[in-house]
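Asker: Structure provided below as structure tokens; questions to follow.
The values are calculated or read from the model by the stated rules, or taken from the named source; none is laboratory data. Remember, it's a predicted structure, so these values are computed and weren't measured experimentally. Positions of Cβ are backbone-derived with ideal geometry, glycine not excepted, and every protein chain shown enters the neighbour counts.
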Protein chains: 2
Amino acid sequence: MQHVVVIGGGFAGLRVVRGLRRSPVRVTLVDRTNHHAFQPLLYQVATGGLSPGEIAPPLRWVLRKQKNASVLLAKADRIDVEAREVHVRTLDGDRTLRYDHLVVAAGARHSWFGNDEWAPFAPGLKTIDDALELRRRIFGAFEHADVAADPAERKRLLTFVVVGAGPTGVELAGQLKEISVQTLRSEYHRFDPADSKVVLVDAAPRVLGAFDETLSSRALKALEGMGIEVRLGGAVEKVDARGVTVGGERIEAGTVVWAAGVQASPLGAQLAEATGAELDRGGRITVGDDFSLPGYPEVRVLGDLAASGLPGVAPVAMQQGQWTAKSIDAVERRRAPPKPFKYHDHGSMATIGRRRAVAHFGRIKISGTLAWMAWLLVHLMYVVGFANRVLVLVRWAAAYVAHGRGERVLSRVLPRSDRSGATPPADHGHEVPHVG
Amino acid sequence: MQHVVVIGGGFAGLRVVRGLRRSPVRVTLVDRTNHHAFQPLLYQVATGGLSPGEIAPPLRWVLRKQKNASVLLAKADRIDVEAREVHVRTLDGDRTLRYDHLVVAAGARHSWFGNDEWAPFAPGLKTIDDALELRRRIFGAFEHADVAADPAERKRLLTFVVVGAGPTGVELAGQLKEISVQTLRSEYHRFDPADSKVVLVDAAPRVLGAFDETLSSRALKALEGMGIEVRLGGAVEKVDARGVTVGGERIEAGTVVWAAGVQASPLGAQLAEATGAELDRGGRITVGDDFSLPGYPEVRVLGDLAASGLPGVAPVAMQQGQWTAKSIDAVERRRAPPKPFKYHDHGSMATIGRRRAVAHFGRIKISGTLAWMAWLLVHLMYVVGFANRVLVLVRWAAAYVAHGRGERVLSRVLPRSDRSGATPPADHGHEVPHVG
């Protein structure tokens, strides 16, 4: 049987694998992680509202019933398009996978606009690891503020800057405000968490640039109504351990989050070099109408790695994945190819806070409670697995009713003890042992 | 107002703080972590059944309504009983806390019987960090086995050894077997997860030594019925990166878990040195009937740090905490002290697997489905927070019906990429970005 290798278990790659479940091929899905992260809800993991597993089921579990698919935990290092081989790094050393069809859906990572030295001070939010790191920083900042002796330092620690006013940035800014005003309201005695400051910055002249101006200005109003400081039109000039400089102005901040640029996976550059295909400024590779590499019809590039002229959003990746599965199936069954790919834009939405959201579906624009409920419903629908859907619903209900954000365990927040010695993961607890 | 300092937010410490909620004192709870870990369910976090937040609510949240209590995230480094001061390390440097009453409930950590060099190869299970490390090892072992080229190495990776056949060891062994036989059943194609081996070892002649012989032998039968290899009467002689030696025999293993000895917090030794109080072999400190240090009635030592002659289990710690709060309250209100402390043993229980458990309540001994349901009910009752109780119930139902263990996100399992360069938390994902 022909072997289809899919690199990347994101929205595009997973849809290709699922779409091939009845095809006369065997499929190998290669991913560096063991899970499919639902990126649109990562910010809720970062802000303690959800646990990682609720939005990131194991790829093996998602595909457990698909007999013709197997999962390989590995990093794709290099593609040899002439030999039709992918060289991967596994937990047990390097391996080579031969393919008949290759789907490269390795996605994108953050780009600090050429300033990679900013990365440690302004981490992004693309993976579960990113979300957990951000969670540690956010709740760690409040803990740090609690013991800060210097009022100016406390003020700095309670300042959160979100760079990038797209959906992720807007949603994150909203959650940060809700954390300080609602979730932590009664939890600190030495300061009022509501005094914390959330600043949302973007070089563009408006928030949610991908939305139309009406919704964009409604979102701005909602953000400002919540007490978020929105600074538009000024580019980030510097990020360091103590804050950011934006449009010539310095903002001292304890936590900076990067929700701005993305850069396609380096596999794109490697493929371009090997095949002469063109790369755009974001590192995306130019592909044909059927997502194939020019001159290599058996290699398809999807999702964020492809310069498709479409926005880098989940629905685009999913539809590309579904179409590509059909296309590979047609090749294998020697049938006519599917109708040319056409993206069906079902609309866009972004949530800002409690009963605050904006959405447009075709020409219909909505905002406020209705848009917020639509957002909840659509996102709940896309959570993978029945149990996870119930769990997310319980979490959201608890957050709505009691402002609860239960996933707030801080790991290794204090400097390592000098006397904990040999204990491998630092033993931070003071707990007593087992119930009999 | 008099100042009560409580070191440790475990079962004992938290009960002291809660018990003082109506007392004319102010209370400071010092803990190295920001949460109260419900240790009896840690093994379910380690095996992917529960998320950390579900069993470890933030201490600040638990105490949010208690006006006379505040929480300090800090590590207690040293106690000066003469000056009545605790020296702590915070996120913002060292601080000194003056106290009028001090409660030391810093608990215990693992002890490798004087072989601390075993710790990295056989981590324990006392904290959320421990549980997450163990989770990484367990599910990482299956991923590693999936790519192992050498059959002997695969067999080793699929061998799990649990050292210590107390409740934690027995419960963990049961879960490990259920993971391989049920949860992962259809998830691997290159080997059968059910071929994995779980070995439970203890130097004692029987499992669950704290239970009576009937229940102990029923538990043994249940374990063996599940396919767990139980090896009793042989001491662990060596643990290294590739396995353990028990009773003269070598077991090659990919994962070894330490559920055996405990050692009281080093604060005990420090207090003993300063006051001349006696320490027992486990590092526990000898206290009076009212848990006070000889000669220092204002200093109480509770829970696992106290040589009380009672077992190191949660109910003991909780009852000691409640009694101590009453005792401090009586001192402050200049009332008669409470009746002398008496431990009320309501029974013990341990679960082994689906509908397999043992329990005794006074002279009543039960096992099987009834004991298992009692175990579920009691543990659910003790989960802190209504939302968490609902979440745990949903998780358990999903596990029972569909063998699901949803919290299986593996972090940073592959060696760091050479090209990921500046990206701070290693960016492992291949995901595509944001839904519009």
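Asker: Of the residues that make up region B:188-208, is at least one in contact with a Phe, Trp or Tyr (Cβ under 6 Å, 6 or more places away or on another chain), touching a residue at least 12 places away in the same chain (Cβ under 8 Å) and either hydrophobic (A, V, I, L, M, F, W, C) or farther than 30 Å from B:His403 by Cβ (or both)?
Answerer: yes
Asker: Taking the condition of being more than 9 Å from chain A (Cβ to nearest Cβ) and at pLDDT 95 or above, how many residues in region B:384-398 meet it?
Answerer: 4
Asker: In region A:72-88, what count of residues is obtained for those that are more than 7 Å from chain B (Cβ to nearest Cβ) and either within 23 Å of A:Trp396 (Cβ to Cβ) or of a type in the set (Lys, Arg) (or both)?
Answerer: Here the count works out to 2.
Asker: Next question. Please work out which residue is farthest from B:Ile328 (Cα to Cα), limiting yourself to region B:346-363 and to residues that are surrounded by 15 or more Cβ atoms within 10 Å (Cβ to Cβ) and out of contact with any strand residue (DSSP E or B) (no Cβ under 9 Å at 6 or more places or on another chain).
Answerer: B:Arg354
Asker: While we're on this one: Give the number of residues within region B:305-359 that are aliphatic (A, V, I, L, M) and over 23 Å from B:Pro294 (Cα atoms).
Answerer: Matching residues across region B:305-359 total 8.
Asker: Can A:Ile366 be described as surrounded by 15 or more Cβ atoms within 10 Å (Cβ to Cβ), free of Cβ contacts under 8 Å to residues at least 24 places away in the same chain and assigned to a strand (DSSP E or B)?
Answerer: So A:Ile366 passes the test.
Asker: Next question. Quickly run through region B:309-325 and pick out the residues that are more than 8 Å from chain A (Cβ to nearest Cβ) and modelled with pLDDT under 95.
Answerer: B:Gly309, B:Leu310
Asker: Find the residue count for region B:229-238, including only residues that are in contact with a strand residue (DSSP E or B) (Cβ under 6 Å, 6 or more places away or on another chain) and closer than 15 Å to B:Trp118 by Cα.
Answerer: Here the count works out to 3.
Asker: Collect the residues in region A:80-118 that are surrounded by 21 or more Cβ atoms within 10 Å (Cβ to Cβ), among the hydrophobic types (A, V, I, L, M, F, W, C) and closer than 16 Å to A:Trp258 by Cβ, keeping them in residue-number order.
Answerer: A:Ala108, A:Trp112, A:Trp118
Asker: Moving to a separate point now. Go through region A:138-168 and report how many residues are touching a strand residue (DSSP E or B) at 6+ places or on another chain (Cβ under 7 Å), small (Gly, Ala, Ser) and more than 10 Å from chain B (Cβ to nearest Cβ).
Answerer: Residues in region A:138-168 being touching a strand residue (DSSP E or B) at 6+ places or on another chain (Cβ under 7 Å), small (Gly, Ala, Ser) and more than 10 Å from chain B (Cβ to nearest Cβ): 2 in total.
Asker: Quick check: anything in region B:277-287 within 24 Å of B:Pro120 (Cα to Cα) and surrounded by 15 or more Cβ atoms within 10 Å (Cβ to Cβ)?
Answerer: yes
Asker: Would you tally the residues in region A:52-71 being in a strand (DSSP E or B) and more than 7 Å from chain B (Cβ to nearest Cβ)?
Answerer: Counting residues in region A:52-71 that are in a strand (DSSP E or B) and more than 7 Å from chain B (Cβ to nearest Cβ) gives 2.
Asker: Here is a list: B:Asp212, B:Asp195. Which entry is more than 14 Å from chain A (Cβ to nearest Cβ), surrounded by fewer than 24 Cβ atoms within 10 Å (Cβ to Cβ) and at pLDDT below 95?
Answerer: Of the residues listed, the single one that is more than 14 Å from chain A (Cβ to nearest Cβ), surrounded by fewer than 24 Cβ atoms within 10 Å (Cβ to Cβ) and at pLDDT below 95 is B:Asp195.
Asker: On to the next question. Identify, from the list A:Ala149, A:Ala165, A:Ala219, the residue that is within 27 Å of B:Val62 (Cα to Cα) and either crowded, with 23+ Cβ neighbours inside 10 Å or modelled with pLDDT under 95 (or both).
Answerer: Residue meeting the stated conditions: A:Ala149.
Asker: Still on this model: What residue, among those in region A:1-33 that are closer than 19 Å to A:Arg95 by Cβ and of a type in the set (Ser, Thr, Tyr), is nearest to the other protein chains (Cβ to nearest Cβ)?
Answerer: It comes out as A:Thr33.
Asker: What tally of residues in region B:39-51 results from selecting those that are surrounded by fewer than 24 Cβ atoms within 10 Å (Cβ to Cβ) and either at the interface with chain A (Cβ under 7 Å from one of its Cβ atoms) or assigned to a strand (DSSP E or B) (or both)?
Answerer: So the answer is 0.
Asker: Let me ask another. Any idea which of (1) touching a residue at least 24 places away in the same chain (Cβ under 8 Å); (2) within 14 Å of chain B (Cβ to nearest Cβ); (3) closer than 27 Å to A:Val163 by Cβ is the one A:Ala306 doesn't satisfy?
Answerer: (1)
Asker: Which residues, counting only those in region A:80-101, are aliphatic (A, V, I, L, M), outside any loop (DSSP other than H, G, I, E, B) and over 26 Å from A:Ile128 (Cα atoms)?
Answerer: Correct list: A:Leu97 only.
Asker: Let me ask something additional. Confirm whether B:Asp80 is among the acidic types (Asp, Glu), touching a residue at least 40 places away in the same chain (Cβ under 8 Å) and touching a Gly at 6+ places or on another chain (Cβ under 9 Å).
Answerer: no
Asker: Anything in region A:224-239 that is surrounded by 15 or more Cβ atoms within 10 Å (Cβ to Cβ), in contact (Cβ under 8 Å) with a residue 40 or more places away in the chain and either of a type in the set (Lys, Arg) or part of a loop (DSSP other than H, G, I, E, B) (or both)? List them, or say none.
Answerer: A:Met226, A:Ile228
Asker: Looking at (1) surrounded by fewer than 24 Cβ atoms within 10 Å (Cβ to Cβ); (2) within 9 Å of another protein chain (Cβ to nearest Cβ); (3) not in a loop (DSSP other than H, G, I, E, B), find the lone condition where A:Arg135 falls short.
Answerer: Against the list (1) surrounded by fewer than 24 Cβ atoms within 10 Å (Cβ to Cβ); (2) within 9 Å of another protein chain (Cβ to nearest Cβ); (3) not in a loop (DSSP other than H, G, I, E, B), A:Arg135 comes up short only on (2).
Asker: Here's something else I'd like to know. Pick from region B:91-108 the residues that are in contact with a strand residue (DSSP E or B) (Cβ under 6 Å, 6 or more places away or on another chain) and facing another protein chain (nearest Cβ under 9 Å): which of them is farthest from B:Gly10 (Cα to Cα)?
Answerer: Across region B:91-108, the extreme among qualifying residues is B:Arg95.
Asker: For the structure I just gave you, tell me whether A:Val16 is of a type in the set (Val, Ile, Thr), in a strand (DSSP E or B) and either surrounded by fewer than 24 Cβ atoms within 10 Å (Cβ to Cβ) or in the same structural domain as A:Pro57 (by TED's automatic domain parsing) (or both).
Answerer: no
Asker: Right, something else. Within region B:52-106, restricting attention to residues that are under 19 Å from A:Asp146 (Cβ atoms) and β-branched (Val, Ile, Thr), which residue is farthest from the chain's Cα centre (by Cα)?
Answerer: Going through the qualifying residues, I end up with B:Thr96.
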